[in-house]
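Read through the structure below, which is laid out as structure tokens, and then see the notes.
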Amino acid sequence: MPLLKILHHPDPRLRTKATAVSTFDEALSEFARNLLTTMYAAPGIGLAATQVNVHKRVIVVDISEEKDQPHMLVNPVLEPYGDKIKGEEGCLSVPDIYDSVERFEYVKVSAQDVHGEPLQFTADGMLSICIQHECDHLEGKLFVDYLSSLKRGRISKALRERAK
């Protein structure tokens with residue numbers, strides 16, 4: 001399966017809000033598999049369609065050590081709840097940058113699989129954080145948006161210089 005090109009911050013395409021998926025066909029299944037392949041190769045634990053310049057509501061996540069528990073979520077809707085917890089996050093679109101971000105501890109997920117079948121589950125811990133992070137991408141939001149403007153500016157400058 002081909003690897004997809006991951007966009008890097010401050011690419012403006014990362015700010016595009018994704019639209020709902022309405023066609024559930026083999027092309028969607030293949031795209032989700034390519035997202036997984038790209039995520040594993042990066043290596044990462046989550047990837048949103050927006051990060052590869054496809055502005056559809058699709059994310060993939062796998063936090064397992066063995067990389068054998070993938071979640072392919074289409075049109076995810078989240079209901080976060082519980083306490084907010086701080087944890088260090090990174091992002092494949094913001095390479096080699098890590099910082100502390102506050103997220104909800106739990107999230108109820110309603111989504112569809114790649115065949116259009118409904119999925120519902122509750123996630124906690126790292127899975128909850130990862131799903132919230134990836135769903136932010138579908139809204140055109142990056143984890144650096146949770147940081148101070150000073151930190152965001154330094155990160156953007158560093159990434160622009162690195163890209164030269």
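The values are calculated or read from the model by the stated rules, or taken from the named source; none is laboratory data. From a predicted model like this one, the values you see are computed outputs, not experimental measurements. When we count neighbours, we look across all protein chains shown, and the Cβ atoms used for this are built from the backbone with ideal geometry, even at glycine.
Quick look at the values:
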{"read-out": "Residue list for region 106-164, filter: hydroxyl-bearing (Ser, Thr, Tyr) and touching a His at 6+ places or on another chain (Cβ under 9 Å)", "value": "Ser156"}
{"read-out": "Any chance Leu159 is assigned to a helix (DSSP H, G or I), out of contact with any Ser or Thr (no Cβ under 9 Å at 6 or more places or on another chain) and in contact (Cβ under 8 Å) with a residue 40 or more places away in the chain", "value": "yes"}
{"read-out": "Filter result for Ser128 (surrounded by 12 or more Cβ atoms within 10 Å (Cβ to Cβ), under 23 Å from Phe24 (Cβ atoms), of a type in the set (S, T, N, Q) and touching a strand residue (DSSP E or B) at 6+ places or on another chain (Cβ under 6 Å))", "value": "no"}
{"read-out": "Pairs, first in a loop (DSSP other than H, G, I, E, B) and of a type in the set (S, T, N, Q) in region 1-30, second surrounded by 11 or more Cβ atoms within 10 Å (Cβ to Cβ) and modelled with pLDDT of 95 or more, C-beta under 6 Å, six or more apart", "value": "Thr16/His55; Thr16/Gly140"}
{"read-out": "Hits in region 4-14 (condition: at pLDDT 95 or above and over 13 Å from the mean Cα position of the chain (by Cα))", "value": "Leu4, Lys5, Pro12, Arg13"}
{"read-out": "Looking only at region 1-32, and only at residues there that are within 16 Å of Glu134 (Cα to Cα) and basic (Lys, Arg), the one that is surrounded by the most Cβ atoms within 10 Å (Cβ to Cβ)", "value": "Arg15"}
{"read-out": "Flag if Val114 is part of a strand (DSSP E or B), of a type in the set (A, V, I, L, M) and in contact with a helix residue (DSSP H, G or I) (Cβ under 6 Å, 6 or more places away or on another chain)", "value": "no"}
{"read-out": "Per-region count, region 92-123, residues without any contact (Cβ under 8 Å) to a residue 40 or more places away in the chain and either crowded, with 20+ Cβ neighbours inside 10 Å or over 12 Å from Val74 (Cα atoms) (or both)", "value": "14"}
{"read-out": "Asp83 vs. criteria farther than 30 Å from Arg162 by Cα and either crowded, with 21+ Cβ neighbours inside 10 Å or free of Cβ contacts under 8 Å to residues at least 40 places away in the same chain (or both)", "value": "yes"}
